[in-house]
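The values are calculated or read from the model by the stated rules, or taken from the named source; none is laboratory data. Because the structure is predicted, anything quoted here is derived from the model rather than measured. Ideal geometry is used to build each Cβ from the backbone, glycine not excepted, and the neighbour counts take in all protein chains shown. Keep in mind that these areas ignore ligands, DNA and RNA; they rest on the heavy atoms of the full protein, side chains included. Shrake-Rupley method; radii C 1.70, N 1.55, O 1.52, S 1.80 Å.
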Amino acid sequence: MTRVPSPRSRLIRYAASLALVILWSALADARSLETVIERGALTLCASPNALPFASKSGPVPGFQVELGEKIAQQLGVKLTREWVVSAIQYRRADCDLVLDVIARKDTPPAGGVQVSRPYHRSGVVLAVRGDSPASSLANLGSDQRVGVPVGSLVSMTLAKGGATTSPFVYEDDIVAALANREIEAAAVTPMTVGWFNLQHADKPLRIIPAFDTDQDLNWNIAAGLLRPDDKLRARVDAAIEALLADGTIARIYARYGIELRPPQ
């Protein structure tokens with residue numbers, strides 16, 4: 001596919017973010033805490049048009065930018081931004097930090113990227129309309145379609161279980177189709193549902209934790225650091241710990257309709 005991934009593609013972005021960072025970091029030099037302090041800045045890589053994640057000119061900056069600013073403050077520096085949407089831009093960017101990197105205990109860091117201590121738990125949930133009687137995946141009839149990201153693991157999981165699925169490229173399109181009664185349920189990330197509900201308070205969607213026991217459909221979220229020295233990684237870990245403890249991260253997420261979940 002030659003089209004640049006849309007900022008609306010949640011699962012695609014989750015899956016691609018770490019791969020892009022690995023590709024970018026392979027050509028980059030290490031960055032030490034001393035260098036960051038001397039520069040007086042921590043640089044975040046983010047998409048310019050990807051709310052609720054980040055935005056260059058939107059009505060709100062996005063939770064990645066807000067969290068990046070708080071991490072930088074903890075280090076005693078300012079946050080600068082590199083706006084990137086493609087692997088080529090990542091390779092050319094001079095970045096220290098990316099956010100919402102998948103952190104799995106069974107997958108070691110690669111390509112010089114190191115992950116911070118996790119700060120959030122994400123994954124796939126089943127979303128239904130507020131008036132739906134469904135309380136589980138089993139409540140859906142065989143003729144009731146579930147919207148899924150095309151080619152995703154959850155689409156294959158549901159197909160193997162006999163569910164009728166409808167593939168979409170973007171998660172935003174899935175929840176829009178659900179709200180418009182074109183499908184009966186949506187297999188998407190909680191962030192997509194929370195952001196949709198914040199903007200559509202008159203017709204909020206309801207979340208069913210249908211995949212909580214599937215480890216492949218749940219993951220921790222962490223900050224990704226570009227070849228940091230031990231001191232920089234320790235300071236970022238300490239910053240995240242402090243921001244979790246005082247409720248800062250939870251408040252940032254809540255402004256975007258997202259419930260912070262403790263990592264596992």
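In the range 136-184, which residues are of a type in the set (Asp, Glu), farther than 17 Å from ASN218 by Cα and open to solvent by less than 60 Å² (accessible area, probe 1.4 Å)?
Those that are of a type in the set (Asp, Glu), farther than 17 Å from ASN218 by Cα and open to solvent by less than 60 Å² (accessible area, probe 1.4 Å): ASP172, ASP173, GLU184.
Among the numbered criteria (1) more than 25 Å from PHE63 (Cα to Cα); (2) out of contact with any helix residue (DSSP H, G or I) (no Cβ under 7 Å at 6 or more places or on another chain); (3) in a loop (DSSP other than H, G, I, E, B), which one does ALA201 miss?
Among (1) more than 25 Å from PHE63 (Cα to Cα); (2) out of contact with any helix residue (DSSP H, G or I) (no Cβ under 7 Å at 6 or more places or on another chain); (3) in a loop (DSSP other than H, G, I, E, B), ALA201 violates only (1).
Going residue by residue through the range 53-71, is there one that turns out to be open to solvent by less than 40 Å² (accessible area, probe 1.4 Å) and assigned to a strand (DSSP E or B)?
Checking the range 53-71: at least one residue is open to solvent by less than 40 Å² (accessible area, probe 1.4 Å) and assigned to a strand (DSSP E or B).
With (1) touching a strand residue (DSSP E or B) at 6+ places or on another chain (Cβ under 6 Å); (2) over 30 Å from LEU97 (Cα atoms); (3) in a helix (DSSP H, G or I) as the list, and SER166 as the residue in question, which single condition is left unmet?
(3)
Among the residues of the range 185-196, are any over 21 Å from VAL128 (Cα atoms), assigned to a helix (DSSP H, G or I) and either open to solvent by 50 Å² or more (accessible area, probe 1.4 Å) or not aliphatic (A, V, I, L, M) (or both)?
No, the range 185-196 has no match at all.
Restricting the search to the range 212-225, which residues are open to solvent by less than 10 Å² (accessible area, probe 1.4 Å) and in contact with a helix residue (DSSP H, G or I) (Cβ under 7 Å, 6 or more places away or on another chain)?
Correct list: LEU217, ALA223, GLY224, LEU225.
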